Amino acid sequence: MEKLMEAAGLPNHITLHGARHTFVDMMYNSKRKVREDVITQLVGHSTRAMSRSYRVNAELDHARVAVNELEQLASAGVGDAEIIA
């Protein structure tokens, strides 16, 4: 399998299994709203629950949004904002 990934020009730390997880997560988060039964069929899972288990935790998605917003604020020069403890 390692030779296959190398032949595809992918870095050594990427695995097919990891790529599968990423694919499932991207399908769930697609703006086109890919149906869950389609995702399950595409990756060959026997149940939707198995496909759901491949998703990145939804809380991590919320955390990413928050961090991105903070980065935008910082780059906009809002450095004098009051810190609330």
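The values are calculated or read from the model by the stated rules, or taken from the named source; none is laboratory data. Worth saying up front: this structure is predicted, and the values here are computed from it rather than measured. Quick reminder, even Gly has a Cβ in these numbers, built from the backbone with ideal geometry, and neighbours come from all protein chains shown. Just so you know, the surface numbers come from the protein's heavy atoms only, side chains and all, with ligands and any DNA or RNA stripped out. Shrake-Rupley method; radii C 1.70, N 1.55, O 1.52, S 1.80 Å.
Restricting to the stretch 39-76, name every residue that is modelled with pLDDT of 85 or more, assigned to a helix (DSSP H, G or I) and surrounded by 11 or more Cβ atoms within 10 Å (Cβ to Cβ).
If the condition is that a residue be modelled with pLDDT of 85 or more, assigned to a helix (DSSP H, G or I) and surrounded by 11 or more Cβ atoms within 10 Å (Cβ to Cβ), then ILE39, THR40, GLN41, LEU42, VAL43, ARG48, MET50, SER51, ARG52, SER53 are the ones that fit.
Looking at this structure, is ALA7 free of Cβ contacts under 8 Å to residues at least 60 places away in the same chain and open to solvent by 50 Å² or more (accessible area, probe 1.4 Å)?
yes
Of the residues in the stretch 22-38, how many are open to solvent by 60 Å² or more (accessible area, probe 1.4 Å) and assigned to a helix (DSSP H, G or I)? Break it down stepwise before answering.
The initial filter retains those residues of the stretch 22-38 that are open to solvent by 60 Å² or more (accessible area, probe 1.4 Å), namely 22-23, 26, 29, 31-33, 35.
When the remaining residues are screened for being assigned to a helix (DSSP H, G or I), the result is 22-23, 26.
Here the count works out to 3.
Is it fair to say TYR54 is farther than 22 Å from MET5 by Cβ and of a type in the set (Phe, Trp, Tyr)?
Spelling it out, it is not the case that TYR54 is farther than 22 Å from MET5 by Cβ and of a type in the set (Phe, Trp, Tyr).
Of all residues being part of a helix (DSSP H, G or I) and not small (Gly, Ala, Ser) in the stretch 7-21, which is nearest to the chain's Cα centre (by Cα)? Just the residue, please.
HIS21
Return the pair list, or none, for Cβ contacts closer than 9 Å from residues in the stretch 11-32 that are modelled with pLDDT of 85 or more to residues that are open to solvent by 100 Å² or more (accessible area, probe 1.4 Å) and not hydrophobic (A, V, I, L, M, F, W, C), at least 6 apart or on different chains.
VAL24/ARG52; TYR28/ARG52
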